[in-house]
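Working notes for the structure below.
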Amino acid sequence: MLDAASYFEQVKQALPGDVEARAQALHKAEALGLPTRRLEHWHYTDLARLLKKPTQENAALVATDFSALNPSEVRFEGGVMQASDDAGLADWPALSLTGAEDASDAMVLYNQALAQAGVVLELPEGGQKTLLVTTQGSAPQHLSHHTSLARGAELILIDDNMASGYSNVAWDIELAEDSKLTFVHLQQAGRQVATSTVRLAENATLTRLNLLSGQDIARHAGTIALQAAGARAELHSAILGTDAAHNDVTYVIDHQAADTQSNTTSYHALAGQARGVFQGKVIVQRDAQRVDAQMQARAMMLSDGPEMDAKPELEIYADDVQCAHGTAIGEIDADALFFLRTRGLDEATARQFLITGFIEQVLDACDHEPLVASLRAHIETKIATVLGQGSAS
């Protein structure tokens with residue numbers, strides 16, 4: 001990935017769409033360069049430096065059983081898509097190339113230049129669907145996904161990244177009136193930079209759950225635009241960071257209209273030399289009255305070596321709002337650990353219970369019981385596996 005120009009020359013003839021437009025996007029990306037800490041919104045994730053580090057060995061991969069949801073399935077390997085017959089996807093026309101000349105984020109431009117394929121899902125009015133997108137393989141992957149929900153449509157979208165290589169992934173999502181999206185992202189391996197843009201119309205609801213447990217690099221940045229009254233965003237992340245893992249969750253939540261709500265939380269359980277990053281910026285535009293925006297970042301430090309960086313922000317231009325943010329960082333509660341030990345649990349099991357309970361708080365925002373059951377099983381298996389290997393000691 002560090003030599004994007006050479007990579008582009010190798011693959012450009014196989015890429016769909018306008019090669020010249022891609023070349024222009026790449027030229028702009030190269031002029032900007034890979035993000036470094038000199039950029040405020042990349043301050044804690046110096047990607048140019050991180051990508052030069054040796055690739056970390058993958059954490060144990062946990063296959064998550066989503067069969068109870070009966071999902072349609074799409075799988076990417078090496079940037080090549082395979083879909084189930086009932087996936088209901090539209091053709092991928094390299095939509096991300098539109099507006100490339102206006103982009104100021106190098107990673108967005110790299111995605112526009114190098115995108116190989118992606119999901120295009122247009123859910124009709126009143127439609128309901130569950131879609132599982134799985135990414136596998138060790139080769140670099142550049143994927144650009146586009147999803148739109150018509151009035152009253154409901155979608156459960158699960159993005160399960162199990163690829164061991166580098167990936168740059170973009171999601172562009174449009175939610176029409178009264179639509180509902182539950183968007184789950186799991187990353188267990190590899191080096192991934194993911195960017196999402198979600199626009200919510202009147203009474204649209206977004207529930208976003210990030211579950212990150214890889215041992216290498218994860219950067220998940222989202223821009224959420226609440227454009228009309230009644231729009232609501234629930235944004236919740238759980239991170240299990242071990243060894244030298246670097247996990248960054250960054251949100252910009254833009255309340256553009258009155259009577260909108262957002263609730264953002266992150267739960268980081270960190271061990272080894274892991275680093276956790278949470279950046280959240282709530283913007284309340286002028287005339288966006290009666291906004292309710294809450295933001296909390298919490299970290300449980302499992303050893304002496306990890307680092308947690310949290311920067312929640314409020315930028316408010318209206319006067320009738322209820323907005324708050326906070327951060328709490330600490331060790332495992334010694335009293336709770338002692339309580340469990342007195343009930344006959346050994347220390348390792350007691351610690352595992354407390355870490356699991358801390359991480360599973362991310363599921364409180366989801367009201368779909370089969371999905372919650374699948375994710376709870378994933379979290380419990382993952383923590384038991386990692387702790388069993390001693391990574392979190």
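The values are calculated or read from the model by the stated rules, or taken from the named source; none is laboratory data. In this text, all values refer to a predicted model and were calculated from it rather than measured experimentally. We place every Cβ from the backbone using ideal geometry, glycine too, and count neighbours over all the protein chains shown.
For the stretch 220-227, the condition holds for at least one residue, the condition being that it is surrounded by fewer than 24 Cβ atoms within 10 Å (Cβ to Cβ), in a strand (DSSP E or B), of a type in the set (A, V, I, L, M) and more than 14 Å from the chain's Cα centre (by Cα). Just so you know, in the stretch 58-74 the residues that are modelled with pLDDT of 90 or more and surrounded by 15 or more Cβ atoms within 10 Å (Cβ to Cβ) include one that is nearest to G190 (Cα to Cα), and it is T64.
Across the stretch 300-324, the number of residues qualifying as under 30 Å from A258 (Cβ atoms) and assigned to a strand (DSSP E or B) comes to 11. When the residues of the stretch 13-42 are filtered to those that are surrounded by 14 or more Cβ atoms within 10 Å (Cβ to Cβ) and among the small types (G, A, S), the one that is farthest from P93 (Cα to Cα) is A29. Of the numbered criteria (1) in contact (Cβ under 8 Å) with a residue 40 or more places away in the chain; (2) over 19 Å from Q361 (Cβ atoms), the one Q322 fails is (1). Any residue at all in the stretch 260-268 that is modelled with pLDDT of 95 or more and assigned to a loop (DSSP other than H, G, I, E, B)? The answer is yes, given that some residue of the stretch 260-268 is modelled with pLDDT of 95 or more and assigned to a loop (DSSP other than H, G, I, E, B). Just for the stretch 149-162: of the residues that are over 15 Å from the mean Cα position of the chain (by Cα) and outside any strand (DSSP E or B), which one is surrounded by the most Cβ atoms within 10 Å (Cβ to Cβ)? Only one residue tops the list, namely A153.
For the stretch 126-148, filtered to residues that are touching a residue at least 40 places away in the same chain (Cβ under 8 Å) and either of a type in the set (A, V, I, L, M, F, W, C) or more than 30 Å from Y7 (Cα to Cα) (or both), the residue that is surrounded by the fewest Cβ atoms within 10 Å (Cβ to Cβ) is A139. Reported count of residues in the stretch 346-390, each being of a type in the set (G, A, S) and within 22 Å of the chain's Cα centre (by Cα), is 5. Of note, S167 does not satisfy the criterion of being more than 19 Å from T135 (Cα to Cα), among the polar types (S, T, N, Q) and not in a loop (DSSP other than H, G, I, E, B). Every condition in (1) in contact with a Pro (Cβ under 8 Å, 6 or more places away or on another chain); (2) buried (at least 18 other Cβ atoms within 10 Å of the Cβ) is met by H378 except one, and the failing one is (1). When you look at Q116, is it among the polar types (S, T, N, Q) and buried (at least 24 other Cβ atoms within 10 Å of the Cβ), yes or no? In short, no.
With within 18 Å of S213 (Cβ to Cβ) and among the aromatic types (F, W, Y) as the only criterion, which of F353, F339 stands out? From the options F353, F339, the qualifying one is F353. If the condition is being under 17 Å from N210 (Cα atoms) and free of Cβ contacts under 8 Å to residues at least 60 places away in the same chain, then the stretch 253-274 contributes I253, S262, T264, S266, H268, L270. Candidates in the stretch 185-217 are the residues that are among the polar types (S, T, N, Q) and in a loop (DSSP other than H, G, I, E, B); of these, the one that is farthest from the chain's Cα centre (by Cα) is N203. When M300 is tested against (1) surrounded by 16 or more Cβ atoms within 10 Å (Cβ to Cβ); (2) in contact (Cβ under 8 Å) with a residue 60 or more places away in the chain, just one condition goes unmet, and that condition is (2). For C366, the conditions (1) more than 25 Å from A229 (Cβ to Cβ); (2) in contact (Cβ under 8 Å) with a residue 60 or more places away in the chain; (3) buried (at least 16 other Cβ atoms within 10 Å of the Cβ) are fulfilled apart from (1). The residue that is surrounded by the most Cβ atoms within 10 Å (Cβ to Cβ), counting only those in the stretch 228-259 that are outside any strand (DSSP E or B) and modelled with pLDDT of 95 or more, is A231. Evaluate the stretch 49-57: report whether one residue or more is modelled with pLDDT under 90 and on the phi > 0 side of the Ramachandran plot. Checking the stretch 49-57: not a single residue is modelled with pLDDT under 90 and on the phi > 0 side of the Ramachandran plot.
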